[in-house]
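Here's the structure we're looking at; comments come further down.
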Amino acid sequence: ATFDYERYWTRSLAMAVSCQAISRLVRSLNPDEGFTCGLLAHIGRLAMASVYPDDYAEILARWNHGAPEELAALEKAATGLTHTDAAAAILEDWRLPEHVITAARHQEDGSWITGAPVTPAADRGRQLGRVLHAAGLAADICVETGPRRHLMVLGFVRAGRSLGFEEMPWGSMYDEILGEWNRMGGVLDIVT
């Protein structure tokens, strides 16, 4: 009952649109694949809320939209796995390509974000994981309405620099993300 399904779907759509747009800029990833990966990236949260409804309600109450690492620690302590573990397992069960599974597993690893350009990950799954992470930052900005939004924008700009982009094309791309998120929300009847 405490799982916010509306927020889940609006954020998933924002992540899909963001991942697609970032994939276009990165150019080593297929934008359509990026959209699908972004849409499915947090399916582990939906699965955990369905399989462990009471435990997950308590986890979410204790987490209260804090840091992703805090959520993962709470999930691991209560259920023995994290939502990224669950997402990777589901995608593997669906027989999606290995690089997609790897990306789902590593999507919340932001250790590569330095604020300066970094070498692209040699592994396709890790590179897609970086794009998913950046898309997650963009999606968080889309759904955040409070004062934390400004800090989130700074984090997103740092991620863009680490992916090798200047602030201007990266910021322009974010404007496109917002427009496409709103458009797709209207098409799919998802609140944006």
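The values are calculated or read from the model by the stated rules, or taken from the named source; none is laboratory data. None of these values were measured; they are calculated from a predicted model. Quick reminder, even Gly has a Cβ in these numbers, built from the backbone with ideal geometry, and neighbours come from all protein chains shown. Ligands, DNA and RNA are stripped out before the accessible areas are found, and what is left, the full protein with its side chains, is counted by its heavy atoms. Shrake-Rupley method; radii C 1.70, N 1.55, O 1.52, S 1.80 Å.
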- [ ] Give just the number: which of (1) of a type outside the set (D, E, K, R); (2) buried (at least 17 other Cβ atoms within 10 Å of the Cβ); (3) closer than 20 Å to residue 33 by Cα does residue 112 not satisfy?
- [x] (3)
Task: Candidates 2, 36 - the one that is assigned to a loop (DSSP other than H, G, I, E, B), of a type in the set (Val, Ile, Thr) and open to solvent by 30 Å² or more (accessible area, probe 1.4 Å) - done: 2
Open item on the list: What's the number of the only condition in (1) within 15 Å of residue 130 (Cβ to Cβ); (2) touching a Ser or Thr at 6+ places or on another chain (Cβ under 9 Å); (3) surrounded by fewer than 21 Cβ atoms within 10 Å (Cβ to Cβ) that residue 26 fails to meet?
Closed with: (2)
TODO: Starting from the range 152-179, take each residue that is closer than 18 Å to residue 136 by Cβ and list its partners that are open to solvent by less than 60 Å² (accessible area, probe 1.4 Å) and hydroxyl-bearing (Ser, Thr, Tyr), counting only C-beta distances under 6 angstrom and pairs at least six apart or across chains.
DONE: 177/18
Task: All positions within the range 76-88 that are free of Cβ contacts under 8 Å to residues at least 12 places away in the same chain and either part of a helix (DSSP H, G or I) or crowded, with 22+ Cβ neighbours inside 10 Å (or both) - done: 76, 77
TODO: Take the range 39-59 and flag every residue that is over 14 Å from the mean Cα position of the chain (by Cα) and surrounded by fewer than 19 Cβ atoms within 10 Å (Cβ to Cβ).
DONE: 47, 50, 51, 52, 53, 54, 55, 57, 58
Task: Only one of 121, 88 that is modelled with pLDDT of 95 or more and either of a type outside the set (Asp, Glu) or more than 17 Å from residue 25 (Cβ to Cβ) (or both) - done: 88
Open item on the list: Just to be sure I understand, how many residues within the range 60-75 are under 19 Å from the mean Cα position of the chain (by Cα) and assigned to a helix (DSSP H, G or I)?
Closed with: 10
- [ ] Specify the residue that is most open to solvent (accessible area, probe 1.4 Å); the eligible residues are those in the range 91-108 that are closer than 17 Å to residue 30 by Cα and part of a helix (DSSP H, G or I).
- [x] 98
